[in-house]
Every structure is written in structure tokens, then in C-alpha cells.
Amino acid sequence: MKKTIALVAATAALVLGAAATPASAGPRLSITVVKTVGTTPGVCGTESAITVAPGTTVYYCYTVTNDSEVTFGVHTLTDDKEGTLLNAADYNLLPGASVNTVTLGLTVDAVITTTTTNTATWEACYELPIPAGRTSQGTVQSLCTEGTASATVTVQAPTTTTAPSTTTIQAAALTTPRYTG
């Protein structure tokens, strides 16, 4: 699922206390987030839904792509089951570029005992340039956008193994009658 928040220059101008400018002048902020799951550590899985046996360790991977024309420099990633994974982390994500949690050195694993769907939210922030003639006075203004993605791990129902049945057949000794004559 992709959630796009388009912010216009009028909003940015209001944040900075400047006069509003036409909407077409502001940056369009947008990211795409993909969450995958697999069973191999250190690599991003290729699926957003898998089926595993109870007690299997799975590895989640979160990938963000910058669909904007600005560089996002601060990132926060939270997962409703795994908690906060990135908290205002510095990483310059250039326009058109992607990065994932494996590349960032994060291992996000879980032992799955019941069917689980979890949703992640990635927030990417762009620091607004300070207008000419102003000083920042220690406060940096940012515009942020966020995207969400989910992954589902289904636990296989345990299969019961039935031992092969054996039947004992008791054979009676058969004798062939002899005729003497």
C-alpha cells in the first residue's frame, strides 16, 4: 500500500512565516514503502506473504523509494509488532533512490507461532532551506511524508502423521492331501 502526502509551497511558506507562493512552486513529497518477509537472514525476501511451519524464524525487510524531487535526510521506521526500528536516523535518500533495512545493517527477525500480519510506517523528512535573509535561530523546519506497507506470515496447520497400519495375517499350515494307492 502506498500513502502519498503531497505538500505544496503554500504550506511550506506558512510554516516559515513567509508569504504563500503558488502551489506549483513547492516540492511534491512522496515515498513508496515495500515490506517483504523471508526465511533467509541477511537478504530481503521477495514476498509480502509467506506460509511457514510453527516456530519458524522469519526475517522482515523494509524498502523505501524516494519518489520526490528532494533529498530526504531523516527517517523514522516503526512496525506495529516489532516497534521502532529507526528513530530520526540520518540517511540521505536521493530523488529516485531506494534503500532497505538490510543495507542499513538492521536485522528484523521474529519467531512465528501464529499467523501474523504486521504493518510498518516509514516517515521520511526533508529539511526546508532557510529563506534568503533569515537565520534559522537553531530551529530547522522540515516537511515529512510517510508510507505504509504490510506483510503476512501464515502458520501451517500442524499435520498429523499416522503410522502406516500393519495387518498380521496368521496363516494356517496347509497340507496337501496325499493319496496312496
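To keep it simple, each residue is scored yes or no on (1) among the charged types (D, E, K, R); (2) within 14 Å of TYR60 (Cα to Cα); (3) modelled with pLDDT of 95 or more.
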{"position": "LEU85", "(1), (2), (3)": "no, yes, yes"}
{"position": "ASN92", "(1), (2), (3)": "no, no, yes"}
{"position": "ALA97", "(1), (2), (3)": "no, no, yes"}
{"position": "GLU123", "(1), (2), (3)": "yes, no, yes"}
{"position": "GLU127", "(1), (2), (3)": "yes, no, no"}
- How many residues are charged (D, E, K, R) and crowded, with 20+ Cβ neighbours inside 10 Å when one looks only at the stretch 35-77? 1
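Going by the structure shown, is THR78 among the β-branched types (Val, Ile, Thr) and out of contact with any Gly (no Cβ under 7 Å at 6 or more places or on another chain)?
yes
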- Message: Can you tell me which residue is nearest to SER150 (Cα to Cα) among those in the stretch 32-46 that are part of a strand (DSSP E or B) and touching a residue at least 40 places away in the same chain (Cβ under 8 Å)?
- Response: LYS35
- Looking only at the stretch 47-71, count how many residues are within 14 Å of SER142 (Cβ to Cβ) and in contact (Cβ under 8 Å) with a residue 60 or more places away in the chain. 1
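GLN156: in contact with a helix residue (DSSP H, G or I) (Cβ under 6 Å, 6 or more places away or on another chain) and either modelled with pLDDT of 90 or more or on the phi < 0 side of the Ramachandran plot (or both), yes or no?
no
The values are calculated or read from the model by the stated rules, or taken from the named source; none is laboratory data. Just so it is clear, the structure is predicted and the values come from calculations on it, not from any experiment. Note that each Cβ is placed from the backbone with ideal geometry, even for glycine, and that neighbours are counted across all protein chains shown.
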